[in-house]
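S.K.: Structure incoming, see below.
The values are calculated or read from the model by the stated rules, or taken from the named source; none is laboratory data. Not measured: the values here are computed from a predicted model. Heads up, the Cβs are rebuilt from the backbone with ideal geometry, glycines too, and the neighbour counts pull from every protein chain shown. All accessible areas refer to the heavy atoms of the entire protein, side chains included, with ligands and DNA or RNA removed. Shrake-Rupley method; radii C 1.70, N 1.55, O 1.52, S 1.80 Å.
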Amino acid sequence: AMLEKPRKGKLFVKGKEVSRLNNREISNLYKQIGLVLEEDLLIDNINVADNILLPLILRNENRKEIALALKELIPWLNLEDLIKKNTINLSASEKKIIQFARAIIVRPRILMLDNLFNAIDNNIEKKIIFLIMALNRIGTTIVIFGKEPSIQKIKFSNIFNIKKQQLLEEKIELN
């Protein structure tokens, strides 16, 4: 997710070698990445709505478009009861859902999900999978680390494992 520069080797994101980019170019690339980490990345002293909308606010998006984006996302992820709460009062799984909402509200080109599916309610998991597949259909690259969804399998075009510091591609049999 370009949070750190590679210590060795080369990292290419959207065809650009990250180590050769200046800060502005990295910032522009980073705006195209939606990220849900296992750690809590939410801001504790603002409410759920503001946490979700933060990327749109930072981009100076139109207020009406911001309100519409949130209005569409709230029922999809069952956020009605959480939207005005402070994030410090949420459970770990609720915080994951809020991070996911913040990651997808900008329709990222790359979506990285680190153990998103740990302790997520089955009904919400189905909705998250639907949103992931919809994003993938419009061209978003989805990268899932850790536990796969338990309810519904996502059909991956490529699966990779890291073993002994090497990236190995698994063979996928197409039916």
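S.K.: Just to be sure before I move on: is N51 over 20 Å from E148 (Cα atoms), touching a residue at least 24 places away in the same chain (Cβ under 8 Å) and either of a type in the set (D, E) or open to solvent by 30 Å² or more (accessible area, probe 1.4 Å) (or both) in the structure I sent?
M.R.: No, not satisfied.
S.K.: Can I ask one more? Out of A49, A103, A69, report the one residue that is small (G, A, S), modelled with pLDDT of 90 or more, in a helix (DSSP H, G or I) and out of contact with any strand residue (DSSP E or B) (no Cβ under 8 Å at 6 or more places or on another chain).
M.R.: A49
S.K.: Restricting to segment 19-39, name every residue that is under 20 Å from the mean Cα position of the chain (by Cα) and open to solvent by less than 70 Å² (accessible area, probe 1.4 Å).
M.R.: I26, S27, N28, L29, Q32, I33, G34, L35, V36, L37
S.K.: Restricting attention to segment 116-130, does a residue exist that is in contact with a strand residue (DSSP E or B) (Cβ under 7 Å, 6 or more places away or on another chain) and open to solvent by 30 Å² or more (accessible area, probe 1.4 Å)?
M.R.: no
S.K.: When the residues of segment 142-153 are narrowed to those that are under 14 Å from L111 (Cα atoms) and surrounded by 17 or more Cβ atoms within 10 Å (Cβ to Cβ), which ends up modelled with the lowest pLDDT?
M.R.: Ranking the candidates gives I144 first.
S.K.: Could you list, ordered by first residue, the pairs with Cβ atoms under 7 Å in which the first is in segment 131-143 and under 16 Å from D114 (Cα atoms) and the second is of a type in the set (S, T, N, Q) and open to solvent by 60 Å² or more (accessible area, probe 1.4 Å), at least 6 apart or interchain?
M.R.: So the pair list comes out as I142/N136.
S.K.: I would also like to ask the following. For residues in segment 83-94 being in a helix (DSSP H, G or I) and open to solvent by less than 40 Å² (accessible area, probe 1.4 Å), which is nearest to L135 (Cα to Cα)?
M.R.: S93
S.K.: Does any residue in segment 55-78 that is of a type in the set (D, E) come within less than 9 Å, Cβ to Cβ, of a residue that is at pLDDT 90 or above and open to solvent by less than 30 Å² (accessible area, probe 1.4 Å) six or more places away or on a different chain, and which pairs are these?
M.R.: E61/L53
S.K.: Also, I was wondering about something else. I98 passes all but one of (1) surrounded by 16 or more Cβ atoms within 10 Å (Cβ to Cβ); (2) in contact with a helix residue (DSSP H, G or I) (Cβ under 7 Å, 6 or more places away or on another chain); (3) more than 18 Å from A49 (Cβ to Cβ); which number fails?
M.R.: The single condition I98 does not satisfy is (3).
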